[in-house]
Amino acid sequence: MLKRYFQLPITERLGWIATLVLIVASAVNGLGYYPLGPLMLAAGGLLWLLVGVMRRDWPIIVTNAVMSTLGFITIIYTLSR
């Protein structure tokens, strides 16, 4: 099974890694670990942004660019207060 994973195109592998990061980040965020949860969510969004750029998929690019940007802005804002 692992051999089959490494035969996938890089965009497919990155998409699965990004999905896993977002799933784990959702659990971490739900458990209240701040700022780790939101940072992981933003990192997962950046990974999906990279996948979107590599695939030239504009809905994925826009969604994850906005999500990651807002995530980092709100983390910086909250930590600077």
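The values are calculated or read from the model by the stated rules, or taken from the named source; none is laboratory data. Note that the structure is a prediction, hence the values are computed from the model and not measured. Counting neighbours? That spans all protein chains shown, and the Cβs are built from the backbone with ideal geometry, glycine included.
Figures for the structure shown
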| quantity | calculated |
| --- | --- |
| First in the stretch 54-66 and free of Cβ contacts under 8 Å to residues at least 40 places away in the same chain, second anywhere and of a type in the set (Val, Ile, Thr) and in a helix (DSSP H, G or I), Cβ under 8 Å, 6 or more apart | Asp57/Val51; Ile60/Val51; Ile61/Val53 |
| Criterion: in contact (Cβ under 8 Å) with a residue 40 or more places away in the chain and under 11 Å from the mean Cα position of the chain (by Cα) - qualifying residue of Leu20, Leu14, Leu79, Leu49 | Leu14 |
| Residue among Arg55, Arg13 that alone is among the basic types (Lys, Arg) and in contact with a Ser or Thr (Cβ under 9 Å, 6 or more places away or on another chain) | Arg55 |
| Tally of residues being under 16 Å from the mean Cα position of the chain (by Cα), part of a loop (DSSP other than H, G, I, E, B) and of a type in the set (A, V, I, L, M) across the stretch 23-46 | 0 |
| Per-region count, the stretch 1-26, residues surrounded by 13 or more Cβ atoms within 10 Å (Cβ to Cβ) and farther than 18 Å from Gly52 by Cα | 3 |
| The stretch 27-81 - residue that is charged (D, E, K, R) and at pLDDT 95 or above and, of those, surrounded by the fewest Cβ atoms within 10 Å (Cβ to Cβ) | Arg56 |
